[in-house]
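The block underneath contains the structure these notes are about, expressed in structure tokens.
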């Protein structure tokens, strides 16, 4: 199941956005309020999704000024990959968050709305966290 968030326009150059997003210490500002117990360093983070699961993430791939892929580390309820796609847009940066999850049909029905919320909240919060 692939869920694409809405594109967000960040009023900052792509190099600054990429630098911000390649440090997990900045991700807490992007997360929805259902995320608790946040811990991070530059290369990994762990948190709890209220009522669901504890998750740890690491970077799996970074293409400068283009995309950043995050994957879970350790035990998770299902496999997924979170990708942040960046594109330069006249001095601003366009960002989109995409989740690709391996879910059976029953889990997909239950997880679709929370995942949609996650990708849209993250994209919406990037500009507030870094923009201006």
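Values quoted throughout were computed directly from the atomic coordinates according to the rules given, and no laboratory measurement underlies them. These figures come from a predicted structure and were not determined experimentally.
Given a cut-off of under 8 Å on Cα pairs at least six residues apart, what relative contact order in percent is computed for the chain?
35 percent
Quick one: length gained pulling residue 7 to residue 71 fully straight, 0.36 nm per residue minus the C-alpha distance?
So the chain would gain 20.9 nm between residue 7 and residue 71.
Just from its helices, what would the mean residue ellipticity at 222 nm be for the chain, if runs of 4 or more DSSP H residues each count -39500 (n - 2.57) and the sum is divided by every residue, rounded to the nearest 500 deg cm²/dmol?
Only helices count here, giving -8500 deg cm²/dmol.
Take the chain, connect every pair of alpha-carbon atoms lying under 10 Å apart with a spring to form a Gaussian network, then pick out the residue of 47, 20, 78 with the largest mean-square fluctuation.
Of 47, 20, 78, the most mobile in the Gaussian network model is 78.
Sorted from largest to smallest, which semi-axis lengths in Å does the alpha carbon gyration tensor of the stretch 2-130 give for its equivalent ellipsoid, taking the root of 5 times each eigenvalue?
That gives 23, 16, 13 Å for the three semi-axes.
Note the angle between two axes, namely the Cα long axis of helix 105-130 and the longest principal axis of the Cα atoms of the chain, as a number of degrees from 0 to 90, rounded to the nearest 10.
The angle comes out near 30 degrees.
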